[in-house]
1. Can you name every residue in region 345-367 that is more than 16 Å from D380 (Cβ to Cβ) and aliphatic (A, V, I, L, M)?
2. So is R207 under 15 Å from T131 (Cα atoms), open to solvent by 20 Å² or more (accessible area, probe 1.4 Å) and not small (G, A, S) or not?
3. Kindly indicate the residue of region 142-160 that is more than 15 Å from the chain's Cα centre (by Cα) and in contact (Cβ under 8 Å) with a residue 40 or more places away in the chain and also least open to solvent (accessible area, probe 1.4 Å) among those meeting that condition.
4. Just to be sure I understand the filter: pairs with C-beta atoms under 6 Å, separated by 6 or more residues or on different chains, first member in region 318-344 and more than 13 Å from W381 (Cβ to Cβ), second member open to solvent by 30 Å² or more (accessible area, probe 1.4 Å) and among the aromatic types (F, W, Y). Which pairs pass?
5. Count, please, the residues in region 294-316 that happen to be in contact (Cβ under 8 Å) with a residue 24 or more places away in the chain and open to solvent by 70 Å² or more (accessible area, probe 1.4 Å).
6. Of all residues in region 71-96, which are part of a helix (DSSP H, G or I) and among the acidic types (D, E)?
7. Looking at the structure I just gave you, is L222 surrounded by 24 or more Cβ atoms within 10 Å (Cβ to Cβ) and over 15 Å from V152 (Cα atoms)?
8. Can you spot a residue in region 249-264 that is touching a Gly at 6+ places or on another chain (Cβ under 9 Å), more than 24 Å from R201 (Cα to Cα) and open to solvent by 30 Å² or more (accessible area, probe 1.4 Å)?
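The values are calculated or read from the model by the stated rules, or taken from the named source; none is laboratory data. Owing to the predicted nature of the structure, the values given are computational and were not obtained by experimental measurement. Please note: Cβ atoms are built from the backbone with ideal geometry, for glycine as well, and neighbour counts cover all protein chains shown. Surface areas here come from the heavy atoms of the whole protein model, side chains and all, with no ligands, DNA or RNA. Shrake-Rupley method; radii C 1.70, N 1.55, O 1.52, S 1.80 Å.
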Amino acid sequence: MAEGAAEAPAESGGGGDSGASAPERGVAPIKPQYLTTKEQFHEFLEARGQEKPSQETELDIHGKLYLAPLTTCGNLPFRRICKRFGADVTCGEMAVCTNLLQGQTSEWALLRRHQCEDVFGVQLEGAFPDTMTKCAELLNRTIEVDFVDINVGCPIDLVYKKGGGCALMNRSAKFQQIVRGMNQVLDVPLTVKIRTGVQERVNLAHRLLPELRDWGAALVTLHGRSREQRYTKLADWQYIEQCVTAASPMPLFGNGDILSYEDANRAMQTGVAGIMIARGALLKPWLFTEIKEQRHWDISSSERLAILQDFTRYGLEHWGSDTQGVEKTRRFLLEWLSFLCRYVPVGLLERLPQRINERPPYYLGRNYLETLMASQKAADWIRISEMLLGPVPPNFVFLPKHKANAYK
């Protein structure tokens, strides 16, 4: 008789020897060390079911050049330019989680990825665990990215006074809930960008980094300035070096004042896992090439104009080639030109390299175009835009969003 039939309960009224007793239902012989109670069994499953499964993807960007998420200027056309010159990792502009949850089209546009961006993440800003976690869950279902970054570095009042950006460095309970909550719902690594602290002489990063590691952050980028400091003083790379130890074994990227391959080399000597480049890329996007090739590139004005031509072409592809698209491309081009004008050509420098916090003097370039590109007047930036996109509309006015205080 088959084994299954032997274990089946006896049917009433069936045939066979009525005097024979039905076999008892037995218990499978499990080794004692594996036995447990019913209650312990279900408690175990419930507890493990709440744990996040191990991540399917890892973020291995050790030694890579990371283009910072740059508000306004870090748009998709600009990132394409930087990828061409050797940026390894790119990240979308800061997106506000509440705007994303409300379905604002302009905010969702910040998350768009170009096919050339092979290692790409998006950056979220928010002040509350519920909205940040809900937004992370939404992104996890709707977009393809390699990582999600939390903005804990934004210094502007609009964000700070609502408890977001670098205000989270002083709100550790909320900060922890945000990191743990987002990490729980994401299938990709979660990263965080922070500053040294809020106040100029009160460093917080070294205390937060071990906690961020324990909360589940895969990587942290540290900008070597406080909120109060902004760009009035040089980034503190000595402090970043101290923080490398505090963060270990979690990788720490460093950020601040990199404008040459020498700057990049000194930064890597601090022991950071890699470097993030922000303003340096705005002043000269070919910086990535200079770092990888360990050279100063005396790029010509005509080569620089060709870069701007490519940007406008990418802009028209991205924002559209109708009147609205042309003017949107122009606005973003002008924002970028407000940074590009601070670059001083290598061939004109008495001492190399140019330092990021040195105010460029007035100078005459080697030709008219090189001189025009050095102008810090908005009218001359507009003239360059007209060379590429045609005349501006009547009564056109441009005021850059980013007013530099780097030379104070």
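1. Going residue by residue through region 345-367, those that are more than 16 Å from D380 (Cβ to Cβ) are 345-359, 361, 366.
Selection gives V346, L348, L349, L352, I356.
2. Values: under 15 Å from T131 (Cα atoms): no; open to solvent by 20 Å² or more (accessible area, probe 1.4 Å): yes; not small (G, A, S): yes.
No; evaluated as a whole, the condition is false for this residue.
3. Looking at residues that are more than 15 Å from the chain's Cα centre (by Cα) and in contact (Cβ under 8 Å) with a residue 40 or more places away in the chain, I get P155.
4. Matching pairs, first to second residue: G325/W319; K328/W319; T329/W319.
5. Matching residues across region 294-316 total 4.
6. So the first thing to find is which residues in region 71-96 are part of a helix (DSSP H, G or I), and the list is 76-84.
Matches in region 71-96: none.
7. Numbers: surrounded by 24 or more Cβ atoms within 10 Å (Cβ to Cβ): yes; over 15 Å from V152 (Cα atoms): no.
So L222 does not fit the description; no.
8. yes
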